[in-house]
Amino acid sequence: MAAGTEPKPETLAAFEAAKGFMPVHEGLALYAAAAEAGGLGLPLLEVGTYCGRSTLLLADAARQAGTVAVTVDHHRGSEEQQPGWEYHDPQVVDPELGLMDTLPTFRRTLRRAGFEDDVIAIVGRSPQVAKVWNGPVGLVFIDGGHTDEHANGDYEGWAPHLAEGGLLAIHDVIPDPAKGGQAPYRVYLRALASGSFTEVSATDSLRVLRRTAPGI
Ligand code: SAH
Ligand code: MG
């Protein structure tokens, strides 16, 4: 790998220690995409902060590139993370409200890794934030809700802001219906079918596409 396409060892260690849902080999591919996209000098945008695991990689790439990572989450968790569901973690529940709240854990993750100055965290619903966002981004990383409504909302909200030459990364792309939900996979197919994107890499469930023409 060329210099700059791997995160700093401290960042990788912080990533591995952080709560979250991204395995290391996919994280390295995400970092490589973020490092390349950082060359555009534009913000790197993530949907789905959770506890900041993948955010650390975008933060490292953003700092190297002299730009910033922007990460969006309402911090109340996706469907499958709610109490009683497969991916629920009782450590990230606000005891007063009895609702999920991943924001405090995220802020600790970011602080401990020393990336507070490299990340703008937005607490809100992805489509609402996208609607008021007004500027080009170099990377759109979609790792939010896994229903068709949410995955399509993320794509429709953020892909239009992706600069030409910028990268669209989608996590949890699982072509085999026996192995998991299909919404991110359908969004990936939709992006390819739009004619505005070409595939750059596939690392397990992480797909990276490049914007080669306007539109979605
Ligand atoms: N990137 C994280 C994992 C994200 S999990 C990691 O590396 O570990 C998905 C996150 O998306 C959850 O925290 C959930 O709250 C958030 N989410 C789901 N739907 C959303 C929406 N419509 N708007 C904002 N955030 C959303
Ligand atoms: Mg994911």
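The values are calculated or read from the model by the stated rules, or taken from the named source; none is laboratory data. Since this is a predicted model, take the numbers as computed values, not measurements. Quick reminder, even Gly has a Cβ in these numbers, built from the backbone with ideal geometry, and neighbours come from all protein chains shown.
When you go through Val92, Val132, Val137 one by one, which is the residue that is within 13 Å of ligand 1 (Cβ to nearest atom) and either at pLDDT 95 or above or of a type outside the set (Phe, Trp, Tyr) (or both)? Reasoning before the result, please.
On the way: Val132 fails: within 13 Å of ligand 1 (Cβ to nearest atom); Val137 fails: within 13 Å of ligand 1 (Cβ to nearest atom).
Only one candidate passes the filter, namely Val92.
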Inset, instruction - Those residues that are within 16 Å of the chain's Cα centre (by Cα) and surrounded by 22 or more Cβ atoms within 10 Å (Cβ to Cβ), I need them from segment 8-19; list them, please. - result: Phe15, Ala18
Inset, instruction - Among the residues of segment 71-100, write down those that are within 15 Å of ligand 2 (Cβ to nearest atom), under 17 Å from Arg53 (Cα atoms) and of a type outside the set (Ser, Thr, Tyr). - result: Val72, Asp73, Gly77, Gln81, Asp89
Inset, instruction - Just need a number here: residues in segment 28-60 that are touching a Lys or Arg at 6+ places or on another chain (Cβ under 8 Å) and either in a helix (DSSP H, G or I) or farther than 16 Å from Phe106 by Cβ (or both). - result: 2
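If you check Glu79, Glu46, which single one turns out to be surrounded by fewer than 24 Cβ atoms within 10 Å (Cβ to Cβ) and among the charged types (D, E, K, R)? Spell out how you get there, then give the answer.
Numbers: Glu46 fails: surrounded by fewer than 24 Cβ atoms within 10 Å (Cβ to Cβ).
It is Glu79.
May I ask you to list the residues in segment 66-99 that are in a strand (DSSP E or B) and within 25 Å of Ile120 (Cβ to Cβ)? Before the answer, list the steps.
So in segment 66-99, the residues in a strand (DSSP E or B) come out as 69-73, 93-94, 99.
Result: Ala69, Val70, Thr71, Val72, Asp73, Asp94, Leu99.
Any residue at all in segment 54-62 that is at pLDDT 95 or above, crowded, with 20+ Cβ neighbours inside 10 Å and under 17 Å from Gly157 (Cα atoms)? Talk me through it step by step, then tell me what you get.
So the first thing to find is which residues in segment 54-62 are at pLDDT 95 or above, and the list is 54-62.
Adding the requirement that they be crowded, with 20+ Cβ neighbours inside 10 Å leaves 54-62.
With the extra rule that they be under 17 Å from Gly157 (Cα atoms), the set shrinks to none.
Within segment 54-62, not a single residue is at pLDDT 95 or above, crowded, with 20+ Cβ neighbours inside 10 Å and under 17 Å from Gly157 (Cα atoms).
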Inset, instruction - Scan segment 130-173 for residues that are surrounded by fewer than 23 Cβ atoms within 10 Å (Cβ to Cβ), within 16 Å of ligand 2 (Cβ to nearest atom) and of a type in the set (Asp, Glu) and report the count. - result: 1
Inset, instruction - Could you grab the pairs with beta carbons closer than 8 Å, sequence gap of 6+ or different chains, first residue in segment 160-180 and away from ligand 1 (no atom under 16 Å from the Cβ), second one of a type in the set (A, V, I, L, M) and assigned to a loop (DSSP other than H, G, I, E, B)? - result: Pro160/Ile216; Ala163/Leu40; Ala163/Leu42; Glu164/Ala213; Gly165/Leu40; Gly166/Leu40; Gly166/Leu42
Inset, instruction - Would you mind telling me which numbered condition in (1) over 23 Å from Ser205 (Cβ atoms); (2) in contact (Cβ under 8 Å) with a residue 40 or more places away in the chain; (3) part of a loop (DSSP other than H, G, I, E, B) Arg63 fails? - result: (3)
Inset, instruction - Evaluate the following for Ala37: is it of a type in the set (A, V, I, L, M, F, W, C), more than 13 Å from ligand 1 (Cβ to nearest atom) and over 14 Å from the mean Cα position of the chain (by Cα)? - result: no
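Rundown of residues vs (1) closer than 21 Å to Ile120 by Cβ; (2) more than 16 Å from ligand 2 (Cβ to nearest atom), yes/no style:
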residue: Thr11; (1), (2): yes, yes
residue: Ala14; (1), (2): yes, yes
residue: Ala17; (1), (2): no, yes
residue: Pro23; (1), (2): no, no
residue: Gly27; (1), (2): yes, no
residue: Ala32; (1), (2): no, yes
residue: Ala35; (1), (2): yes, yes
residue: Gly39; (1), (2): yes, yes
residue: Pro43; (1), (2): yes, yes
Legend entry - Number of the condition not met by Val208 [criteria: (1) within 16 Å of ligand 2 (Cβ to nearest atom); (2) more than 14 Å from the chain's Cα centre (by Cα)]: (2)
